[in-house]
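**Student:** Take a look at this one; I'll ask things after.
The values are calculated or read from the model by the stated rules, or taken from the named source; none is laboratory data. What you see is a predicted model; the values in this text were computed from it and never measured. Cβ sites come from the backbone with ideal geometry, for glycine too, and all protein chains shown count toward neighbours.
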């Protein structure tokens, strides 16, 4: 499972001293892109191939308050099936290890010219990745 630590910025805090809901979504998105890059995928290569990831559904579950002005650890775990979509589950942990939130997403890989989801998105990610295991994919074959 991939993990990244993100600093909680002052503008992520609402008037009640809580981390704003949209900040969690931004942290989740940032962590996924850091993971994709760590797997060896260059976003420019995706653009050159005229494909791009799309988020189709996101659910956020809040468990505890995240202390403001600190850091949050965000994990990424990819789950692949046989269709056109995949799932990503992410956990958010306070510096003391307390689970503060979870984000679950359903994603696909979009053909940017045809505007249609590609079948078997994991196959594309595996082909592009130097380290597909970070994306929950087995090693390249052949």
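**Student:** Considering the range 123-142 alone, what residues qualify as being closer than 30 Å to residue 62 by Cα and part of a loop (DSSP other than H, G, I, E, B)?
**Tutor:** Residues satisfying the conditions are 136, 137.
**Student:** Give the residues of the range 69-122 that are in a loop (DSSP other than H, G, I, E, B) and in contact (Cβ under 8 Å) with a residue 60 or more places away in the chain, sorted by residue number.
**Tutor:** If the condition is that a residue be in a loop (DSSP other than H, G, I, E, B) and in contact (Cβ under 8 Å) with a residue 60 or more places away in the chain, then 69, 70, 112, 113, 118 are the ones that fit.
**Student:** Moving to a separate point now. List the number of the failed condition for residue 77; all other conditions in (1) surrounded by 13 or more Cβ atoms within 10 Å (Cβ to Cβ); (2) out of contact with any helix residue (DSSP H, G or I) (no Cβ under 9 Å at 6 or more places or on another chain); (3) over 22 Å from residue 132 (Cα atoms); (4) modelled with pLDDT of 95 or more hold.
**Tutor:** All conditions are met except number (3).
**Student:** Does residue 38 qualify as being under 18 Å from residue 132 (Cα atoms) and at pLDDT 95 or above?
**Tutor:** Here the answer is yes, as residue 38 does meet what is asked.
**Student:** Which count do you get for residues in the range 31-42 that are surrounded by fewer than 19 Cβ atoms within 10 Å (Cβ to Cβ) and under 14 Å from the mean Cα position of the chain (by Cα)?
**Tutor:** 4
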